[in-house]
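See below for the structure under consideration.
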Amino acid sequence: MSVRLTPSAVALVLANLIPLGGVVLLGWEVFPILLLFWLENVIVGVFNVLRMVWVQPDDEGGLILKIFTIPFFILHYGLFTAGHGVFVFMLFGGGQFPITGFPSVVTVVDALVQLKLVLPALALAASHGFSFVSNYVAGQEYRRVTLQQLMHRPYSRVVVLHLVIIGGGFLVMALNSPVLGLFLLVVLKVGIDVRAHVREHAKVARPRG
């Protein structure tokens, strides 16, 4: 299957060039990269909630289903992602940002500020926001997907990224070659992310003709 880069996919690639530049030019180590990629999974969940709220607005009967489905998704995906966050902080944080349970908002914000990751995090959020506006709203994807599809959509993409990020983090530490290892990790992550992004939106593309 060929991959055609859409404007939103290009925006995603450009946003990911920031951590790539951080590795090559600024000498970022494992934890800042993994923290940034983990935070992107949180961003994906936030925008998916917005999609679930927006989906099929003309279906009045679907409102009741949304009332039950959206809180369930927030709880389930939230616990899933928070669990991944525990691994990132405890295994790769080096005790710099200690946690006693799930990472709190204060701890995450403090880490982003101290590691100077606020702008890269905002860039990733902006790229997903651009996709939401251009594909979902302006492209009217919200009329061509269902609430049930959105309920499951993030997991296939995020599970793969979880495995790649955690496994890649251990590999980088084992090789003791942070620049090359992190460079390859970022490139691999971007490739998987972009391919998933393009395929995801191709499934609900506007019919031609």
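Please go through region 128-154 and give me each residue that is assigned to a helix (DSSP H, G or I) and under 15 Å from residue 7 (Cα atoms), ordered by number. Explain how you work it out, then say what you get.
From region 128-154, those assigned to a helix (DSSP H, G or I) are 128-137, 141-143, 147-154; that's our starting set.
Within region 128-154, 128, 129, 130, 131, 132, 133, 134, 135, 136, 137 meet the criteria.
Across region 27-63, what is the number of residues that are modelled with pLDDT under 90, open to solvent by 40 Å² or more (accessible area, probe 1.4 Å) and either within 15 Å of residue 149 (Cβ to Cβ) or among the β-branched types (Val, Ile, Thr) (or both)?
Count: 1.
Of 29, 60, which residue is touching a residue at least 12 places away in the same chain (Cβ under 8 Å) and among the charged types (D, E, K, R)? Can you show your working first?
Details: 60 fails: touching a residue at least 12 places away in the same chain (Cβ under 8 Å).
Being touching a residue at least 12 places away in the same chain (Cβ under 8 Å) and among the charged types (D, E, K, R) holds for just one of 29, 60, which is 29.
Take the residues of region 95-127 that are in a helix (DSSP H, G or I) and among the polar types (S, T, N, Q): which is modelled with the lowest pLDDT? Before you say what the answer is, go through the steps one by one.
Initial filter on region 95-127 (in a helix (DSSP H, G or I)): 105-114, 118-127.
This time we only want the ones that are among the polar types (S, T, N, Q), so: 107, 114, 127.
On the way: 107: 95, 114: 95, 127: 89.
Only one residue tops the list, namely 127.
Consider region 179-209. How many of its residues are in a helix (DSSP H, G or I), at pLDDT below 75 and open to solvent by 60 Å² or more (accessible area, probe 1.4 Å)?
The total comes to 5.
Which residue is nearest to residue 110 (Cα to Cα), if the candidates are limited to region 4-39 and must be of a type in the set (Gly, Ala, Ser) and within 15 Å of the chain's Cα centre (by Cα)? Even if it seems obvious, please write down each step before you answer.
We begin by selecting, within region 4-39, every residue of a type in the set (Gly, Ala, Ser); these are 8-9, 11, 15, 21-22, 27.
If we keep only those that are within 15 Å of the chain's Cα centre (by Cα) too, we end up with 8-9, 11, 15.
Values: 8: 29, 9: 30, 11: 27, 15: 21 Å.
That would be 15.
The values are calculated or read from the model by the stated rules, or taken from the named source; none is laboratory data. Source: prediction; values computed, not measured. Heads up, the Cβs are rebuilt from the backbone with ideal geometry, glycines too, and the neighbour counts pull from every protein chain shown. Surface accessibility is based on the protein's heavy atoms, side chains included, excluding ligands, DNA and RNA. Shrake-Rupley method; radii C 1.70, N 1.55, O 1.52, S 1.80 Å.
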